[in-house]
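Inspection log for the structure reproduced underneath, given as structure tokens.
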Amino acid sequence: MEQLVRFNTISEYNAFNNNVTRHPLVSVVDFSKAAPRAGSRMYFGFYTVFLKDVVCGDLVYGRNTYDYQEGTLVFIAPGQVAGVDSKGVVFQPKGYGLIFHPDLVHGTALGRHIQDYSFFGYQSNEALHLSDQERAIVLDCFSKIDYELEHAIDKHSKKLIVSNIELFLNYCVRFYDRQFITRDNVHTGILERFENLLNNYFQSEKPQTIGLPSVAYCADELNLSPNYFGDLVKKETGKTAQEYIQSALIDMGKERIFDTSKTVSQIAYELGFKYPQHFVRLFKQKVGQTPNEYRMLN
């Protein structure tokens, strides 16, 4: 991949793919109309969803292989850069894309909670892999949006288009829940690695040098994006990743409180707290007792 190609408007991306711009803020792109091209890095100034209409083959996660032949959805948020590395080989794009500018959803119910769709922050290796039935639903959603774009814009257009985009995104939430479940063994492995990561972290000098482990730090160590990692932990444990870290932190704190040769302040610093009172406050919140009360009672 060579230079960065920038797309700030819907019309620019439509022109790049030989598609007509029927609405300035939204488009369903048919990539089969695009001219053959080599891979490149692209900047997107709008929300982008790619439905890769190609045989995906086997997808390898850890030691497990998953056969997803039907299709793949990739989500890109405004301001992100993505691309295909085709090693300089020219290829014919295929599939469909849904692109919509943030201005389309401003002032709507979708605009108020668009950030809740955390998969726009996933990495490409965390894409959504569809079954045949799921792919049909996705194409049906695209078709409904495309139907609205085929007709003249009227007072109903925006509401119907935005409603169908929201419906599509809500289906994707369901499909990702299914994907988390179907990869249960892989995710169990990740949770085990997460637990080992925290144990090793607190047994090292890192708390004193780096501080408390953050969700972003743990996700990076596990080669996952923070959004995907957070959603995975929440789905598997019912806790947010931050709550999981705090739980491990409190367990480690309880264990060290039994060492009466150390003050609560020393323990707090060992665990990575900059200020001991923050440890005391969190401990009281989670345990119902202060560290000193817990030490005396036990």
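The values are calculated or read from the model by the stated rules, or taken from the named source; none is laboratory data. The shown structure was predicted, so the numbers you read here are calculated from the model rather than taken from an experiment. So basically every Cβ, Gly included, is an ideal-geometry build from the backbone, and we count neighbours across all protein chains shown.
Given the criteria within 30 Å of P24 (Cα to Cα) and either of a type outside the set (S, T, Y) or assigned by TED's automatic domain parsing to the domain that holds A241 (or both), does K158 qualify?
Yes: the conditions hold for K158.
Considering each residue of region 201-236, count those that are of a type in the set (S, T, Y) and under 22 Å from N125 (Cβ atoms), and give that number.
4
Being free of Cβ contacts under 8 Å to residues at least 60 places away in the same chain and outside any helix (DSSP H, G or I) is the filter here; which residues of region 212-249 pass it?
Hits for region 212-249 are P213, S214, L222, N223, G238, K239, T240.
Step by step: first the residues of region 1-46, then only those that are farther than 17 Å from E148 by Cα and in contact with a helix residue (DSSP H, G or I) (Cβ under 7 Å, 6 or more places away or on another chain), then the one that is surrounded by the most Cβ atoms within 10 Å (Cβ to Cβ). Which residue is that?
Out of the qualifying residues, it is F46.
Check region 194-203 and report whether any residue there is farther than 22 Å from I267 by Cα and not assigned by TED's automatic domain parsing to the domain that holds G121.
Among the residues of region 194-203, at least one is farther than 22 Å from I267 by Cα and not assigned by TED's automatic domain parsing to the domain that holds G121, which makes the answer yes.
Of the residues in region 5-29, how many are in contact with a Phe, Trp or Tyr (Cβ under 6 Å, 6 or more places away or on another chain) and in a strand (DSSP E or B)?
4
Six or more apart or on different chains, Cβ under 6 Å: which pairs go from a residue in region 143-157 that's surrounded by fewer than 16 Cβ atoms within 10 Å (Cβ to Cβ) to one that's in a helix (DSSP H, G or I) and at pLDDT 90 or above? Could you list them?
These pairs meet every condition: S157/E148.
Filtering region 146-186 down to residues that are β-branched (V, I, T) and at pLDDT 85 or above, which residue is farthest from the chain's Cα centre (by Cα)?
Step by step, filter region 146-186, then rank; the result is I161.
Looking at region 26-48, which of the residues that are under 20 Å from Q92 (Cβ atoms) and β-branched (V, I, T) is nearest to the chain's Cα centre (by Cα)?
T48
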